[in-house]
């Protein structure tokens with residue numbers, strides 16, 4: 001049996017369910033000599049904001065048990081430089097390129113989306129309403145269901161291309177299922193979950209927080225059970241596809257997400273440990289599908305006995 | 001740049017705090033330049049999770065061997081210290097930009113502080129072996145440590161100045177003071193203008209930055225920063241520049257024009 005690995009997100013068909021998460025993979029070329037970027041299920045770019053952002057003070061990362069905290073602060077060259085310097089190369093990719101969009105206000109998100117609608121070579125948009133490391137916007141949107149619905153609806157209204165709109169959810173909320181429902185109500189084609197969990201680490205000898213910005217976002221295997229539970233709850237609250245993210249290092253990790261209800265996954269922190277993680281995860285998913293008689297990726301959630 | 005399982009050829013204690021690991025490094029993986037680095041996945045599990053960056057301390061294309069010097073600071077480096085020869089180490093490199101060659105007619109002055117000695121030692125050997133061809137003077141090598149017990153058991157190039165803060169070995173004082181004296185002592189004069197190369201703690205780098213300014217000398221600095229990906233993707237290893245912007249230690253660096261770095265922010 002040769003399983004069908006393709007996955008549908010809105011109008012978009014991904015060649016396989018394993019993508020790489022925004023912020024962990026730059027714009028792709030950084031990893032070019034280490035792996036086959038074009039074989040990815042999807043490449044989610046570093047967040048694009050209207051203006052260039054230098055990012056936060058250092059230290060920006062610290063390792064924690066089976067995880068890491070980051071406080072990068074959406075460092076990126078801004079919309080104009082993205083279109084001028086990054087997009088031409090992304091356009092030549094054979095894998096779907098999904099641009100992650102962030103901002104400090106609703107108008108910021110709209111500005112990025114409107115401009116990118118005029119550009120070719122983009123397969124879809126992931127709307128980052130869940131960054132914990134900026135003072136304005138980011139998480140402030142993602143924790144308020146009414147704001148998520150309004151922002152999603154406004155973005156949906158500006159879309160002319162038919163490209164899918166994916167809303168990236170924060171786990172730092174009381175009820176992630178409610179936020180997911182409002183994203184769907186606003187017109188999202190999919191939700192991705194989860195972004196990082198707010199965390200903090202302290203150097204008890206130097207009597208200082210380990211991150212310059214004090215708190216950061218926790219990622220890595222430490223958050224995997226949280227991510228899987230969020231996917232479980234969200235996939236029961238919405239009818240649109242759910243993309244699972246959080247601590248995927250191996251195929252079995254991705255399969256936890258798929259069995260819990262995800263249609264696709266993203267590898268994030270795992271890229272730092274081994275740039276070949278996404279390829280290894282995909283190969284393992286294929287083997288598993290053969291062993292378990294799953295002909296198509298959407299069949300996987302139905303195999304869970306729960 | 002390549003990721004591969006390299007055989008550990010040697011894992012040797014150099015002093016109380018420092019060790020050196022030598023691994024096989026085939027030519028196809030790319031030539032590690034002085035100042036460039038590799039990352040190592042220390043454990044196959046999830047704790048410690050991230051790869052650790054280390055500057056190359058040497059490379060011999062003949063047998064295909066590369067080395068790095070590290071200090072035991074925490075769980076990851078303790079695990080590394082226990083790696084036996086014959087086992088495989090998950091390495092990725094060479095990464096980053098190395099030191100530029102000295103100008104013809106000039107004299108490279110290389111200053112290493114503490115664990116910063118690795119890339120400096122490599123650069124000193126490389127510049128020394130190519131001095132006649134490159135047209136520059138033989139390098140001056142200055143290495144600073146806290147105390148004699150830290151001084152590594154290595155064959156240093158002839159004329160290496162060893163400094164300790166407590167005077168228990170070599171010159172009593174900082175490596176920058178020694179570099180300053182070496183310049184004043186006439187080992188090089190106006191006919192051989194110095195160019196500084198350094199890796200070490202931020203206060204040492206800041207002092208060298210000032211010295212380079214008064215000597216009108218170039219200053220090439222290998223910067224250190226926490227990093228996650230090592231290939232320019234994650235924006236973790238930002239280094240603050242004097243113009244207020246950031247640069248990535250792994251991609252624009254780790255070797256920078258030392259005058260461009262805001263050493264007070266490091």
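Only the coordinates and a few stated rules stand behind these numbers; no lab work does. Predicted model, so just to flag it, every value in this text is computed and none were measured. Counting neighbours? That spans all protein chains shown, and the Cβs are built from the backbone with ideal geometry, glycine included.
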Checklist entry - Kirkwood hydrodynamic radius of chain A from all distinct Cα pairs, in Å? => result 19.1
Checklist outcome for this item: Note to self: Kirkwood Rh of the stretch A:98-227, Cα pairs, one decimal, Å, is 15.4
Checklist outcome for this item: With no solvent term and unit scatterers on the alpha-carbon positions of the stretch B:125-185, Debye gives log₁₀ I(q)/I(0) at q = 0.16, 0.20 Å⁻¹ of -0.55, -0.78
Item to check | Relative counts (whole %) of C-alpha pair distances in chain B, using bins that are 10 Å wide | outcome: 7, 31, 37, 21, 4, 0
Item to check | Relative contact order (percent, whole number), the stretch B:107-222, Cα cutoff 8 Å, 6+ residue spacing | outcome: 29
Checklist entry - Once the Cα gyration tensor of the stretch A:163-272 is found, what semi-axes does its equivalent ellipsoid get, as square roots of 5 times the eigenvalues, in whole Å, sorted largest first? => result 27, 16, 11
Checklist entry - From a point 7 Å beyond the Cα of residue B:130 in the direction of its Cβ, which residues of the stretch B:90-106 have a backbone N at a distance under 12 Å? => result B:98-104
Checklist entry - In nm, to one decimal, how far is the residue B:88 label point from the residue B:202 one, both placed 7 Å along Cα→Cβ? => result 4.0
Next on the checklist: Compute the helix-to-body angle for B:202-214: its Cα long axis versus the longest principal axis of chain B, expressed 0 to 90° and rounded to tens.
Outcome noted: 30
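With r as the distance between the Cβ atoms of residue A:13 and residue B:156 and R0 = 51 Å, compute the FRET efficiency 1/(1 + (r/R0)^6) and round to 0.05.
0.25
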Checklist outcome for this item: Using alpha carbon positions and the Kirkwood radius, the Rg to Rh ratio of the protein assembly as shown is 1.02
Checklist outcome for this item: Summing -39500 (n - 2.57) over every DSSP H run of at least 4 residues in chain A and dividing by its residue count gives a helix-only mean residue ellipticity at 222 nm, to the nearest 500 deg cm²/dmol, of -8500 deg cm²/dmol
Checklist entry - To the nearest 0.05, how large is the calculated FRET efficiency for residue A:175 and residue B:147 if R₀ is 51 Å and r is the Cβ-Cβ distance? => result 0.30
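Once R0 is set to 60 Å, what does the formula 1/(1 + (r/R0)^6) return for the Cβ-Cβ distance between residue A:305 and residue B:16, expressed as a FRET efficiency to the nearest 0.05?
0.55
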Checklist entry - Extension gain residue B:73-residue B:245, at 0.36 nm per residue separation less the Cα-Cα distance, in nm? => result 58.9 nm
Checklist entry - What's the long-distance tail for the stretch A:1-110, i.e. % of Cα pairs beyond 21 Å? => result 46
Next on the checklist: Relative contact order of chain B, please, whole-number percent, based on alpha carbon pairs below 8 angstrom and at least 6 residues apart.
Outcome noted: 18
Checklist outcome for this item: So the compactness index of the stretch B:2-95, its C-alpha Rg divided by 2.2 N^0.38 Å, takes the value 0.99
Item to check | Length released on extending from residue A:150 to residue A:85, taking residue separation times 0.36 nm less the Cα-Cα span | outcome: 20.2 nm
Checklist outcome for this item: Here, residue B:177 and residue A:159, labelled 7 Å along Cα→Cβ, have an inter-label distance in nm of 6.7
Checklist entry - What spacing in nm lies between the two simple spin-label points modelled at residue A:117 and residue A:32, each 7 Å away from Cα in the Cβ direction? => result 3.2
Checklist entry - Any idea what diffusion coefficient the stretch B:131-266 gets from Stokes-Einstein, in µm²/s, Kirkwood Rh on alpha carbon pairs, 4 °C, 1.567 mPa s? => result 79
